[in-house]
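Data first, discussion second: the structure below is written as structure tokens.
Rule-based calculations on the coordinates, nothing more; no lab input. On a predicted model such as this, the values are computed, not experimentally measured, just so you know. Cβ atoms come from the backbone with ideal geometry, glycine included; neighbour counts cover every protein chain shown.
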Amino acid sequence: AIYKGTVNDPTTFPPPSKTHGSYHWAFERLLSAALVPMTVTAFATSGTNYPLFDGILGLSLIIHSHIGFDSSIVDYLHPRKFPVIGPIIRWTLRAATVGTMVGVYQFNTNDIGLTELIAKVWTA
């Protein structure tokens, strides 16, 4: 017997969208590839002298991490299988991402900054 409203129902697919399809994929690849030269530039120029590079690197790392965690949530905690915990985890990730952005901003503006911290830990 096939019951309506359960896992036996066929999956409905969203309408095709370039924004959520190929553009999204291209942005993820571009961001991933850009992290290497951004990291080298931030360390070569020193975060204290060029705080803009430090800020861009911090923001890019957060966005890159958010995209990766969000993809894992979409793949493994699909709302159809996990109607309660899936959205809770997704909103928890969003809140953690915003909190991390605020923390990195505060650390870059009121303290030594991300690149200086990594350089000090690296040489410790």
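Using the alpha-carbon atoms, what tilt in degrees (0 to 90, nearest 10) does helix 114-123 show relative to the longest principal axis of the chain?
Approximately 70 degrees, to the nearest ten.
Please give, to one decimal in nm, the separation of the simple spin-label points placed at residue 110 and residue 75, each 7 Å out from Cα toward the Cβ.
Using points 7 Å along Cα→Cβ, the separation is 3.7 nm.
In degrees from 0 to 90, rounded to the nearest 10, what is the angle of the helix 85-110 Cα long axis to the longest principal axis of the chain?
Rounded to the nearest ten degrees, it is 10.
Relative contact order for the chain: what percent, with Cα pairs under 8 Å and sequence separation of 6 or more? Intermediate results must be reported in sequence, preceding the final value.
Values: 69 pairs, mean separation 34.2, N = 124.
Reported as a whole number, the value is 28 percent.
Determine which residues of the range 18-46 fall in the zone a paramagnetic label at residue 52 would reach in this model, i.e. backbone nitrogen under 12 Å from the point 7 Å along Cα→Cβ.
Label zone hits: none.
Would you mind calculating the gained length between residue 25 and residue 40 on full extension (0.36 nm times residue separation, minus the Cα-Cα distance), in nm to one decimal? Before the final figure, lay out each step's value.
Values: separation 15, 0.36 × 15 = 5.40 nm, distance 2.41 nm.
Separation in residues times 0.36 nm, less the Cα-Cα distance, equals 3.0 nm.
Mind giving me the FRET efficiency for residue 122 and residue 102? R0 is 22 Å, r the Cβ-Cβ distance, nearest 0.05 is fine.
0.30
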